[in-house]
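These notes are about the structure you will find just below.
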Amino acid sequence: MKLNLTIIAFALAIPTATFAQDTIAPMTVGYPNAYTSGSANVSPFTQESKRFNDWAVSAGAGVPLMQSSDLTSIKGFGAGKNLYGWSAYLSVDKAITHAFGLKLQYDKGETRQGFVNTKDHETTTLGDGARTQYDALSVLGDINFSNLLRRVDNHSPFRWALHGYAGIGTLAYRAYRQDAGPVYNQSLITEKEPFKLSSLFGQAGAGLKYRATKSLDIEARGMYLVSGDETFDGARSTTVNDNPSDNLINLTLGATLNLGKHESHLFWHDPLQEIYYKLDVLADRNQDVEVCKKGDADNDGVCDDWDRQLDTPAGARVDGAGVALDADLDGVIDLYDKCVTVPGPVENDGCPTTSSSTVSDDTRTLEGIEFDLNSDRILPSNTPILNNAVNYINSSEGAYNVVGGTDTRGTNEYNQRLSERRANNVKNYLIQNGVNSGKINSIGKGETDLKYPECEPATKCPEWKNRANRRVYFEAK
């Protein structure tokens, strides 16, 4: 047998050395790993960082039993004694998902079968004895049935897992036989070289793993090896067994060392356990969320928790902060303003005092608009208001000024130009949407016509007052 063990060791060492050290920095405290049931903050999956270790190295030893063959290891109720050999394996393991992985595995062992132990150098008349020394290199698929079939989380750390294995590889062996008779004789009967088409073999089985620590698993495994060769057991060509392949059962006990810097290995991660954990965290926190804890005293539809005007009159329209609307910003809310779109003193119910400026209650359909800081852009939310203004002005016989204003930030010159641009933009919008250009005129008043004069400087007022100063409104000529 010319199996180059140096090549095998090199093949196993390269992926171990390359991937054993997890070069990606471990995440901070996140979802509790599968080894403990303690709580921790939930961390989401990211593309930049791995959450789990996925490489491992496994090794084990056990007893191979040649059973599906002419010469067997276990005799049962027949003549002869049971014969036991030895076996060992070493593998590099890669978890692809939480339920599937791959193994590159090297097996070595010696089986003993027949009616005499060839190691004892004894003669026998019961029948032939044989032993087979083998080396094998294979690639195995690894299915984690516990993760694959788990459907209900029991809210406890699970430390047992059932794995299934199957794969193919190359097999090399030497089979020695001792013939029955009064004379001790032992000879090499068959030798097979590795890495040839005729040396292909398959093996499959299952293993039960126990997670002893976060890095170490203990496993009891049973594998069934199909040699594909009728001379694997060392028997003569005149066979008793009709099977074209001598096969063996390999029972081993081994350990798996999980590599990497993360708290948990991917094979010990149960996605359902994480989902239930997150639901429990949300359930524990749901009492912290309470809508309208203080109620709605003025019944305006805005909770008192963020209502800036807690005594809104019944029937008044309010904004998102619970403040009664005042479209023309004249100090009279729309509920009581008889000239909604034209500013006027409180004493005159919000209407201008001069006869030339008096407009009817129909102006309630015409509202002013506000602007963002340092901007003359008409906001999409103002489109309905301006469309109402188009309809009203077209149906009215009067003419109107479109008046622009600003807050007190910036210089007087800058604010004057900004207010003119705001007024012109609104005027142009009205004209583009069908208003006769002769019925409207734009005027910029800069910061000289403040809704809230106390906002000088602007830092003395909350932002909602400064926004109210940045407006365009309409007044009758």
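Brief remarks follow.
- Between K445 and K293, the C-beta separation translates, for a Förster distance of 35 Å, into a calculated FRET efficiency of about 0.25.
- Per-pair calculated FRET efficiency, R0 = 51 Å: F145 and Y184 via Cβ, rounded to 0.05: 0.55
- Counting only protein chain heavy atoms and rolling a 1.4 Å probe, the accessible areas of F232, F195 rank, largest first, as F195, F232.
- On the principal axes of its alpha-carbon atoms, the range 157-210 has extents of 61, 32, 11 Å, going from largest to smallest.
- With both labels modelled 7 Å from their Cα along Cα-to-Cβ, the E274 to R467 distance reads 4.0 nm.
- Each part gets one Cα centre, and for the range 155-199 versus the range 405-422 those centres are 91 Å apart.
- Taking Cβ atoms as reference points and 14 Å as the exclusive limit, the residues near A212 contribute a net charge of +2, counting Lys and Arg as +1 and Asp and Glu as -1.
- Rounded to two decimals, the Cα radius of gyration of the range 328-472 over 2.2 N^0.38 Å is 1.01.
- Positive minus negative residues near N425 (Lys, Arg vs Asp, Glu; Cβ under 12 Å): +2
- With a Förster radius of 51 Å applied to the beta-carbon distance between N412 and L102, the computed FRET efficiency rounds to 0.10.
- Dipole magnitude of the range 103-142 about its Cα centre (Cβ charges: Lys, Arg +1; Asp, Glu -1), debye to nearest 20: 60 debye
- If the chain linking N82 and A204 were pulled fully straight, counting 0.36 nm for each residue of separation and taking away their Cα-Cα distance, it would gain 41.5 nm.
- Note on I431 and A283: the extension gain reaches 47.6 nm, defined as 0.36 nm multiplied by sequence separation minus the Cα-Cα distance.
- Were the residues from R308 through N388 laid out at 0.36 nm apart, the gain over their Cα-Cα distance would be 26.0 nm.
- Translational diffusion of the range 172-253, µm² s⁻¹ [Kirkwood Rh, Cα pairs; Stokes-Einstein; 4 °C; 1.567 mPa s]: 84 µm²/s
The values are calculated or read from the model by the stated rules, or taken from the named source; none is laboratory data. Fair warning: this is a prediction, and the values are worked out from it, not measured in the lab. Quick reminder, even Gly has a Cβ in these numbers, built from the backbone with ideal geometry, and neighbours come from all protein chains shown. For accessibility, only protein heavy atoms count, side chains too; no ligands or nucleic acids. Shrake-Rupley method; radii C 1.70, N 1.55, O 1.52, S 1.80 Å.
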